[in-house]
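To start, the structure itself, in C-alpha cells.
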Amino acid sequence: MQVIIKTPEEIEKIRVSSLLVGDTLAEVASAIRPGIKTIELDRLAETFIRDNDAEPAFKGYHGFPGSLCISVNSEVVHGIPGNRELKEGDLISIDCGVKKDKFFGDSAYTFTIGEISKEVRKLIDTTRECLAKAIEVAIAGNRIGDISFTVQNLAEKNGFTVVRELVGHGVGKRLHEKPEVPNYGKRGSGMQMKPGMVIAIEPMINLGRRTIRQLNDGWTIVTADNKPAAHFEHTVSVGGPVADVLSSFDKIMKAESKNINLSAEVKEV
Ligand code: MG
Ligand code: MG
C-alpha cells in the first residue's frame, strides 16, 4: 500500500477525531486514582467516545477487547484493560484511537499516581521531549529517518533505550497506514515527507534495556527486564514549514493537574 496524501478537508476530519482522542484521555485523566480498575477507565472512555458520535478504534481491532490500551509500569504498550487496580507510584500509559466520519485519530499519554522516583520522572519527561523534538522535524522535505534519529538520539543521550519492534504509522481512513515511523534510525534516511502526509509519531522508551516480550494474553508488550517504559503519541500533519499537530494534550494536562491537586487536598485532610 502506498502513502495516502490527504486533502485539507480530510486533514480536518482527522483533526476532529484526534481532538476527540485528547478529550477522551482528559476524561480518563480526571478519573485516575488509586483503587480504580483499568476496566473502569476503559468503560468511561468507550461511553465518552460513543456519546460523541464516534467509535473506539481499538475495540475489536484484530480482536483487541478494549477501547483503550492501558499499560502499567513495565508494560510498554497494548495492555488490556481489566481488573487490575491502579496504585500510588504507578506509571500508566494510555493509548486511545477513535474513528469519526470515516477518519481515525490516534494519541497516547503517560500518567502517574502520587510519588514516583526521579528516574521514572526523567523517563517520562524525556519520552515526551522525544515526541516534541520529533514533531519539529516532521515537515515536508525532511525524511522519516530524521524523526527516527531525533527520538533515538535524545532517548539514548539520557541513558534510556528505544523499542524497535513497534513503530509510528500513517493515519487516515485506516488506523495504521504507510509509512512506518520507527523511533530509531539514521538522519536523512527513509521516505521523504510530503505535504498532506498524516503520521502518528509515538516514541516508546524504556528505562532499562530495549528488549521486549509479549505476554500470553497475545497483546501486552512488556520490557524483558521488567523496568518501566513510557509512551507518548501525537497524530501530526506534515505540512511546512512547521508540522500541524492534530491531536492535543492541553485538556489532558489540565485534567491531570486538577486531579493531582485534588488528591493532594485529600491527603492533607
Ligand atoms: Mg496509539
Ligand atoms: Mg499509533
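The values are calculated or read from the model by the stated rules, or taken from the named source; none is laboratory data. Model, not experiment: these values are computed from the prediction. Cβ coordinates were reconstructed from backbone atoms using ideal geometry, including for glycine residues, and neighbour counts include every protein chain displayed. Heads up: the accessible areas ignore ligands, DNA and RNA and are worked out on the full protein's heavy atoms, side chains in. Shrake-Rupley method; radii C 1.70, N 1.55, O 1.52, S 1.80 Å.
Annotations
- Tally of residues being within 20 Å of HIS231 (Cβ to Cβ) and open to solvent by 60 Å² or more (accessible area, probe 1.4 Å) across region 10-29: 2
- Scanning region 236-269 for residues that are of a type in the set (Val, Ile, Thr) and under 15 Å from THR24 (Cα atoms) yields one hit, ILE252.
- Some residue of region 75-89 being open to solvent by 70 Å² or more (accessible area, probe 1.4 Å), within 15 Å of ligand 1 (Cβ to nearest atom) and part of a loop (DSSP other than H, G, I, E, B): no
- Qualifying residue in region 92-104 (condition: β-branched (Val, Ile, Thr) and in a loop (DSSP other than H, G, I, E, B)): no
- The residues of region 101-123 that are crowded, with 18+ Cβ neighbours inside 10 Å, away from ligand 1 (no atom under 16 Å from the Cβ), over 16 Å from ALA155 (Cα atoms) and in contact (Cβ under 8 Å) with a residue 40 or more places away in the chain amount to a single one, ILE113.
- Qualifying residue in region 193-201 (condition: within 16 Å of ligand 2 (Cβ to nearest atom), touching a residue at least 24 places away in the same chain (Cβ under 8 Å) and surrounded by fewer than 24 Cβ atoms within 10 Å (Cβ to Cβ)): no
- Of all residues in region 145-192, those being more than 16 Å from ligand 1 (Cβ to nearest atom) and without any contact (Cβ under 8 Å) to a residue 12 or more places away in the chain number 4.
- Filter result for SER148 (open to solvent by less than 30 Å² (accessible area, probe 1.4 Å) and either outside any helix (DSSP H, G or I) or more than 16 Å from ligand 2 (Cβ to nearest atom) (or both)): no
Matching residues to (1) out of contact with any Gly (no Cβ under 7 Å at 6 or more places or on another chain); (2) surrounded by fewer than 16 Cβ atoms within 10 Å (Cβ to Cβ); (3) modelled with pLDDT under 95:
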| residue | (1), (2), (3) |
| --- | --- |
| GLY170 | yes, no, no |
| GLY190 | no, no, no |
| PRO203 | yes, no, no |
| ARG209 | yes, yes, no |
| VAL238 | yes, no, no |
| SER247 | no, no, no |
| LYS251 | no, no, no |
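- The single condition from (1) open to solvent by less than 50 Å² (accessible area, probe 1.4 Å); (2) out of contact with any helix residue (DSSP H, G or I) (no Cβ under 9 Å at 6 or more places or on another chain); (3) within 16 Å of ligand 2 (Cβ to nearest atom) that HIS62 fails is (1).
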